[in-house]
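Structure first, commentary second.
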Amino acid sequence: MANGRTHALATLAAGSAGMVALAISGDYIGAAGWASGAMLGLIMTPDCDVDDGFYGLAVLREVSPLLSVAWQWYWKPYARIVSHRSIISHGVIIGTFTRLVYAFWWFLLIYRPLYVSPFYMWLFVSLAIMDIVHIVMDWRIWGIAGIFRQ
């Protein structure tokens, strides 16, 4: 199983690759959505279900210590309700959707679009891909093979 730093580096690599590919194809809105999803994937990982912290907090701490404390406080109820590595937290589409709804439930009450813009679709796809990268890196076979050791 990979540690938090390795997860973050893989997220940055996958996020950069997707953003560059979309930008080269001329889809700048898609590239912006992909990059936003990847950056959100750094702090809103499937490991938000761990109440003693995850690597995303270290990233937030670099930006703002106050923001990292507020983020950790906000995710405490989620961590207490959702068991670690359950389908709700580590399920590919289910986990991504659940964390987005938990994080932005207030936005969903305010913003009621008639359609979902391409930016938000790419953001969701990117975040789901970052979750897949995270989940694959957690497979036990990598530890057996001596890859992604902590």
Can you confirm whether the stretch 93-105 contains a residue that is modelled with pLDDT under 90, closer than 26 Å to Met19 by Cβ and among the hydroxyl-bearing types (Ser, Thr, Tyr)?
no
Restricting the search to the stretch 97-136, which residues are free of Cβ contacts under 8 Å to residues at least 12 places away in the same chain, open to solvent by 70 Å² or more (accessible area, probe 1.4 Å) and not aromatic (Phe, Trp, Tyr)?
Leu108, Leu109, Ile110, Arg112, Leu114, Val116
So is Ser36 of a type outside the set (Phe, Trp, Tyr), farther than 17 Å from Ile129 by Cα and in contact (Cβ under 8 Å) with a residue 12 or more places away in the chain or not?
no
Looking only at the stretch 88-124, which residues are out of contact with any Gly (no Cβ under 7 Å at 6 or more places or on another chain) and of a type in the set (Val, Ile, Thr)?
Val92, Ile93, Ile94, Thr96, Thr98, Val101, Ile110, Val116
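The values are calculated or read from the model by the stated rules, or taken from the named source; none is laboratory data. The model shown is predicted, which means the values in this text are computed figures rather than measured ones. Every residue, glycine among them, receives a Cβ derived from its backbone with ideal geometry; neighbour counts consider all protein chains shown. Side chains included, ligands, DNA and RNA excluded: accessible areas come from the protein's heavy atoms. Shrake-Rupley method; radii C 1.70, N 1.55, O 1.52, S 1.80 Å.
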